[in-house]
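Just below is one structure, and these are the notes that go with it.
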Amino acid sequence: MRDVIIIGAGPVGLACGVEAQRRGLDALTIEKGALCNSLIGYPTQMEFFSTPELLEIGGYPFSTDRYKPQREEALDYYRRVAVTEELAINLYERVEDLKGLDGDFTVVTEDGTYRTRKVVLATGFFDIPNRMGVPGEDLDKVTHYFKEPYPYALQDVAVIGGANSAAKAALACYRNDADVTLIVREASIGDTVKYWIKPDLENRIKEGSIRAFFNTTVQAITEDALVLDTPDGITEIANDWVLAMTGYKPNYEFLQRFGLEFQDDPARTPIYDEGDTFESNNPGVYLAGTVAGGLNTSRWFIENGRFHAEQIMDHVAERMQEPAPVSVVRET
Ligand SMILES: Cc1cc2nc3c(=O)[nH]c(=O)nc-3n(C[C@H](O)[C@H](O)[C@H](O)COP(=O)(O)OP(=O)(O)OC[C@H]3O[C@@H](n4cnc5c(N)ncnc54)[C@H](O)[C@@H]3O)c2cc1C
């Protein structure tokens with residue numbers, strides 16, 4: 001019987017592992033992919049918008065000569081923390097289900113079962129892309145994960161979306177000689193696009209280097225074209241590749257299996273004790289990091305989500321002082 005099982009070895013899951021260990025808790029982290037699997041899926045050479053000290057966990061200094069660290073540096077940093085702390089982590093093992101009650105849970109994975117008193121869900125939001133729901137979305141030329149611009153040189157590339165990821169992908173492809181068309185559902189580039197990226201993109205659109213359609217949605221995707229619904233009517237444009245930067249969402253089906261309930265708000269926010277213990281409506285199950293924001297995936301990120309770890313582990317450690325529940329065996 002473990003004290004606590006943490007599901008997900010992203011930056012916040014690792015912070016939880018460190019804080020659990022510092023409180024003398026017997027903790028295990030289970031991760032379905034590699035260490036920091038989501039960060040591995042981010043664009044190569046991607047630059048964080050946070051300065052390094054705001055990404056630190058466990059008090060370990062994140063030193064870099066850059067003002068904003070790159071993905072590769074963050075991967076190095078979080079791995080070093082995990083190794084230095086000798087965190088117990090099972091990698092490439094997907095968690096599938098949860099059985100039992102507070103004090104005596106069984107975590108079910110693809111490889112086996114683990115008993116634990118408490119569970120922390122630090123599963124992030126990066127696994128399920130928001131689909132457009134249009135014909136052709138499953139063609140091989142469509143991706144919701146942009147890695148790097150090089151495959152798209154001298155090709156007709158459509159970038160769909162008006163937020164940071166779309167802005168960065170469009171600029172990177174343009175600077176690597178792709179013929180870029182940006183398709184934005186709204187009337188303009190989003191206000192959430194970082195202040196150093198937005199004018200760059202707007203100026204490229206203004207000078208005609210990147211073609212942009214606003215108030216426009218994709219109607220269909222074919223092998224060599226895109227059908228768009230624009231303010232001027234239905235238009236077809238030539239297309240080789242689609243980068244659908246339409247965002248991601250947490251896996252709600254998975255969260256429901258953990259007994260979670262959700263608020264009746266547009267973000268379908270999980271019910272949990274925000275700002276204090278981060279315990280969910282299901283006693284003994286905690287939410288840490290981005291997953292706690294539901295569909296509002298920018299509510300919690302590394303900068304602010306890393307602090308969940310201390311609050312959760314303080315509460316878990318406090319609860320460990322209480323006597324373990326006695327199993328009731330019914331005689332037949
Ligand atoms: C391009 C980009 C740039 C960003 N830049 C910044 C920035 O500058 N600053 C900042 O603070 N934030 C930034 N963010 C946001 C930040 O990366 C996320 O908020 C952060 O990854 C959240 O950490 P997490 O540990 O909550 O979740 P994640 O890092 O997503 O980790 C969740 C982990 O859970 C695992 N998992 C999921 N389901 C299961 C399962 N069933 N079983 C086992 N494991 C499972 C996943 O594989 C994953 O490794 C950026 C995001 C993107 C996409």
Shape call for region 1-82, from the Cα gyration tensor axes a ≥ b ≥ c (a/c under 1.5 means rounded, otherwise prolate when a/b beats b/c, else oblate), comes out oblate
How far is helix 164-174 tilted, in degrees, relative to the longest principal axis of the Cα atoms in the chain, given as a value from 0 to 90 rounded to the nearest 10?
40
Within region 228-332, DSSP-loop GluC sites (Glu not before Pro) with at most 10 other C-beta atoms within 10 Å are Glu331
Across region 131-244, how many lysine pairs, 8 or more apart or on two chains, come within less than 17 Å at their alpha-carbon atoms?
5
Within region 131-244, the percent of DSSP beta bridges that are antiparallel, given to the nearest 5, stands at 40
Assign unit charges at the C-beta atoms only (+1 for Lys and Arg, -1 for Asp and Glu), then state the dipole size of region 131-244 relative to its Cα centre in Debye, rounded to the nearest 20.
520
Could you pull out every one of the aspartates and glutamates with an alpha carbon less than 14 Å from that of Lys68, ignoring same-chain neighbours closer than 8 positions?
Glu47, Glu53, Glu56, Glu303
Starting from the Cα gyration tensor of region 1-138, take the square roots of the eigenvalues, sort them a ≥ b ≥ c, and report rounded, prolate or oblate (rounded when a/c is under 1.5, otherwise prolate if a/b is larger than b/c, else oblate).
oblate
For the chain, report the translational diffusion coefficient in µm²/s to the nearest whole number, using Stokes-Einstein at 25 °C, 0.890 mPa s, and a Kirkwood Rh over Cα pairs.
114
Classify region 40-88 as rounded, prolate or oblate from the Cα gyration tensor: take a ≥ b ≥ c as the square roots of its eigenvalues, call it rounded if a/c is under 1.5, otherwise prolate when a/b beats b/c and oblate if not.
oblate
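A short reminder: the numbers here are calculations on the coordinates, not readings from a lab. The shown structure was predicted, so the numbers you read here are calculated from the model rather than taken from an experiment. Glycine gets a Cβ as well: all are built from the backbone with ideal geometry, and neighbour counts include every protein chain shown.
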